[in-house]
Amino acid sequence: KAGVTQTPRYLIKTRGQQVTLSCSPISGHRSVSWYQQTPGQGLQFLFEYFSETQRNKGNFPGRFSGRQFSNSRSEMNVSTLELGDSALYLCASSLGTAGNTIYFGEGSWLTVV
Amino acid sequence: KQEVTQIPAALSVPEGENLVLNCSFTDSAIYNLQWFRQDPGKGLTSLLLIQSSQREQTSGRLNASLDKSSGRSTLYIAASQPGDSATYLCAVSDVTGANNLFFGTGTRLTVIP
């Protein structure tokens, strides 16, 4: 069974631009969460989508947004990129009900220059 | 706000040694606790999931324990191997069981052949 797939794996953007990252969850999983990982802040929760609805949201500015499609695939978007947005963005999927194991993708490395 | 701490931040052991990684959390109202490993530049791999009602979980050479009332968990690795070298992260979910995990900063383990 295929794991969580994230695209692109690596990208470089210029400050002020926007970026869209994509995540395909494990087949059958309805919950998709997004995390930002940086050396200084560690892993921080961005948001979670379940059945196309945002179910939880972390403490990030409105420049960070996401959505989920009917096939459970998810995208996250960051607008007006700042240097501090450089990070590894990780997507995770689970069945969605409480207590299930959460599975992570390999991540998308974003560098903002 | 939940805070998760992992000590030590880094650990080096000779191959074959048994070792214990520690995780503590400030709010005991958790739904579950999960241990992950992360290899350099990679995503997270789930190792063990302990529900709040459980005391421990075992998988192969790994054993994780949970003492919810004291806000502590340990990950015991038996007969360590060089392939165990990675960063180990613990994460807790809040009492609702929502998929927004609070992560520790990790313990970087090096097993010396």
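The values are calculated or read from the model by the stated rules, or taken from the named source; none is laboratory data. Note that the coordinates shown come from a computational prediction; the quantities given were computed from them, not determined experimentally. Here the Cβ positions follow ideal geometry from the backbone for every residue, glycine too, while neighbour counts run over all protein chains shown. When the accessible area is computed, the model is the full protein with side chains, heavy atoms only, and any ligands, DNA or RNA have been set aside. Shrake-Rupley method; radii C 1.70, N 1.55, O 1.52, S 1.80 Å.
Can you compute the charge dipole magnitude of the protein assembly as shown about its Cα centre, using +1 on each Lys and Arg Cβ and -1 on each Asp and Glu Cβ, nothing else charged? Give it in debye, rounded to the nearest 20. Before the final figure, lay out each step's value.
Details: 18 positive and 15 negative charges, 92 e Å.
So the dipole magnitude of the protein assembly as shown works out to roughly 440 debye.
Charges only on Cβ, +1 for Lys and Arg, -1 for Asp and Glu: so what's the dipole of chain A about the Cα centre, in debye to the nearest 20?
For this selection, approximately 120 debye.
For chain B, set up a GNM with springs between Cα atoms under 10 Å and report which of B:ASN99, B:ASN22, B:ASN63 has the largest fluctuation.
It is B:ASN99.
Kindly compute the accessible surface that chains A and B hide from a 1.4 Å probe when together, both sides summed, and give it to the nearest 100 Å².
Numbers: alone 6080 and 6020 Å², together 10460 Å².
Buried: approximately 1600 Å² between B and A.
Starting at the first residue of region B:6-12, write each ³J(HN,Hα) from the Karplus equation 6.51 cos²θ - 1.76 cosθ + 1.60 with θ = phi - 60°, in whole Hz, x for Gly and Pro.
10, 9, x, 6, 8, 8, 10
Residues of region A:18-51 with amide nitrogen under 11 Å from the 7 Å Cα-to-Cβ point of A:ASN77?
Backbone N within reach: A:18-21.
Compute the length gained on full extension between A:PHE60 and A:GLN18: take 0.36 nm times their separation in residues and subtract their Cα-Cα distance, giving the result in nm to one decimal.
So the chain would gain 13.5 nm between A:PHE60 and A:GLN18.
When only C-alpha pairs under 8 Å and at least 6 residues apart count, what is the relative contact order of chain B, in percent?
Details: 293 pairs, mean separation 42.2, N = 113.
This gives 37 percent for chain B.
If you plug each phi of region A:63-76 into the Karplus form 6.51 cos²θ - 1.76 cosθ + 1.60 with θ = phi - 60°, what whole-Hz ³J(HN,Hα) values come out, in order, with x for Gly and Pro?
Computed from phi, the couplings for region A:63-76 are 5, 9, 9, x, 7, 10, 9, 5, 8, 6, 4, 10, 10, 10 Hz.
Could you grab the relative contact order for chain A? Cα pairs under 8 Å, six or more apart, rounded to a whole percent.
36 percent
What Kirkwood hydrodynamic radius do you get for chain B when you take the inverse of the mean 1/r over all pairs of distinct Cα atoms, in Å?
Computed over chain B, the radius equals 14.0 Å.
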